[in-house]
Each structure stands twice: as structure tokens, then as C-alpha cells.
Amino acid sequence: MKKRFSEEQIIGFLQQAEAGVAIKELCRQHGFSDASFYNWRAKFGGMSVPDAKRLKELEAENAKLNRLLAESILDAE
């Protein structure tokens, strides 16, 4: 699934909202919904760009480890 906005862009939107831009206006300008904004804020709130990149790396590593574990369990059976 291709994401429409990168983590850097999302963090930029969140920083604009923290700076005082109205959320409705921000959503309208950039073409995303209020729900998307609040989901992003829950996930990326208070992060900087390097933090978000590290989160993405950790999620990828976790997915890889989960696949390896599942394969090893299947091999054991």
C-alpha cells in the first residue's frame, strides 16, 4: 500500500498544528481528513523526523522477527 504522505510531511503537519494553525484549515489545505490527523497525532505526536525514521526501522525489524519466529514454529511442527 502506497502512503500518500511521508512521515516527514506528517510530522510537519503536526508541528504546524502545534504552532497554532487550525486543524480544519490544515486538513483542507493539504487534503486529508480530521480522522487522519488525529490518528497521526496519536502515532507521531511529539516526535521529530529522526524519531519517526527510527520507529519505522523498528517496526520493519519487528515484522521480520515475527516472520522468522512463525517460520521456525512451522518447521518445528
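The values are calculated or read from the model by the stated rules, or taken from the named source; none is laboratory data. Every value quoted in this text rests on a predicted model; they were computed, and no experiment measured them. As a convention, Cβ positions derive from the backbone with ideal geometry for all residues, glycine included, and neighbour counts pool all protein chains shown. Heads up: the accessible areas ignore ligands, DNA and RNA and are worked out on the full protein's heavy atoms, side chains in. Shrake-Rupley method; radii C 1.70, N 1.55, O 1.52, S 1.80 Å.
Here are the numbers for the structure shown:
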read-out: Apportionment of accessible area to carbon and sulfur, the chain, percent (1.4 Å); value: 54
read-out: Ranked by how many other beta carbons lie within 10 Å on average, peptides 8-19, 62-73 from highest; value: 8-19, 62-73
read-out: Cα-based Rg and Dmax for the chain, where Dmax is the largest Cα-Cα distance (Å); value: 16.9, 57
read-out: Where labels lie 7 Å past Cα in the beta-carbon direction, separation of Glu61 and Gln16 in nm; value: 3.3
read-out: In the chain, lysine pairs with alpha-carbon atoms under 24 angstrom apart (chain gap of 8 or more, or interchain); value: 15
